[in-house]
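Heads up: the structure comes next, in structure tokens.
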Amino acid sequence: VHGTGGHASAPQGTVDAIVVAGQLIGALQQIVSRNVSPTESAVITLGKVEGGFAPNVIAPTVRILGTVRTYTSPVKRLVRRRIHEVAAGVAASHGPTCKIDVTFSDGYPACVNDQACSDVVSEAALGLLGPRLVGPPSPNMAGGGFSFFFSR
């Protein structure tokens with residue numbers, strides 16, 4: 001997020017990047033609940049925010065880092081497109097001197113296990129550990145490293 005910094009005593013000539021970042025974070029968190037179908041899954045995590053350097057200085061820049069996790073490529077494309085659109089809208093709402101740069105690297109694809117192999121492992125685990133310790137598998141967003149291995 002690129003704004004126009006300045007002294008806190010004269011905010012009228014600034015674009016506070018921290019305020020913009022706060023609005024951007026809130027808006028990005030609405031993408032999943034309002035753009036992704038309830039029958040699909042996506043997670044946007046904004047896990048690192050850096051900005052400002054003094055309590056009486058309006059920050060000119062803020063850096064936000066995060067991840068996007070989905071199970072399917074179409075949902076990932078949708079979320080990616082909406083992130084760009086939302087960022088452009090938030091920046092525009094703060095005037096022509098506000099700019100939000102979005103850099104999106106694809107990262108790990110979704111990890112989808114082979115059903116036949118999963119069934120073999122589940123049956124073996126059930127036989128060894130019993131039904132009390134082995135329940136039905138449920139999807140989760142972890143395991144990104146395996147997705148690269150499986151996709152080869």
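The values are calculated or read from the model by the stated rules, or taken from the named source; none is laboratory data. Keep in mind it's a predicted model, so treat the numbers as computed, not measured. No Cβ is skipped: glycine too gets one built from the backbone with ideal geometry, and neighbour counts run over all protein chains shown.
Brief remarks follow.
- Residues within the stretch 1-16 that are in contact (Cβ under 8 Å) with a residue 60 or more places away in the chain and either outside any loop (DSSP other than H, G, I, E, B) or surrounded by fewer than 17 Cβ atoms within 10 Å (Cβ to Cβ) (or both), tallied: 3
- Within the stretch 108-123, residues that are surrounded by 11 or more Cβ atoms within 10 Å (Cβ to Cβ) sit with their Cβ atoms under 6 Å from residues that are not hydroxyl-bearing (S, T, Y), at 6+ positions apart or across chains, in these pairs: Y108/G144; C111/G143; C111/F146.
- Boolean, N56 is over 23 Å from A142 (Cα atoms), touching a residue at least 12 places away in the same chain (Cβ under 8 Å) and surrounded by fewer than 17 Cβ atoms within 10 Å (Cβ to Cβ): yes
- Options G22, G51: the member that is crowded, with 17+ Cβ neighbours inside 10 Å and either at pLDDT below 95 or more than 13 Å from the chain's Cα centre (by Cα) (or both): G51
- Screening I44, I31, I64 for residues that are touching a residue at least 60 places away in the same chain (Cβ under 8 Å), among the aliphatic types (A, V, I, L, M), surrounded by 12 or more Cβ atoms within 10 Å (Cβ to Cβ) and closer than 19 Å to D106 by Cα leaves exactly one candidate, I64.
- Residue tally, condition out of contact with any Gly (no Cβ under 9 Å at 6 or more places or on another chain) and either polar (S, T, N, Q) or under 24 Å from R80 (Cα atoms) (or both), over the stretch 114-145: 10
- Within the stretch 23-66, the set of residues being assigned to a strand (DSSP E or B) and either touching a Pro at 6+ places or on another chain (Cβ under 8 Å) or of a type in the set (G, A, S) (or both) comprises A42, G47, G51, I58, G66.
- Among residues of the stretch 26-46 being within 10 Å of the chain's Cα centre (by Cα) and not polar (S, T, N, Q), the one that is nearest to G89 (Cα to Cα) is L28.
- Tally, over the stretch 102-127, of residues that are over 17 Å from T72 (Cβ atoms) and not in a loop (DSSP other than H, G, I, E, B): 12
- Test: residue in the stretch 133-141 that is outside the structural domain of V20 (by TED's automatic domain parsing), over 17 Å from D16 (Cβ atoms), in contact (Cβ under 8 Å) with a residue 24 or more places away in the chain and in contact with a strand residue (DSSP E or B) (Cβ under 6 Å, 6 or more places away or on another chain): yes
- Only listed residue being farther than 16 Å from D106 by Cβ and among the hydroxyl-bearing types (S, T, Y), chosen from S37, S73: S37
- Residues (modelled with pLDDT of 90 or more and in contact with a helix residue (DSSP H, G or I) (Cβ under 9 Å, 6 or more places away or on another chain)) located in the stretch 97-132: C98, K99, I100, D101, V102
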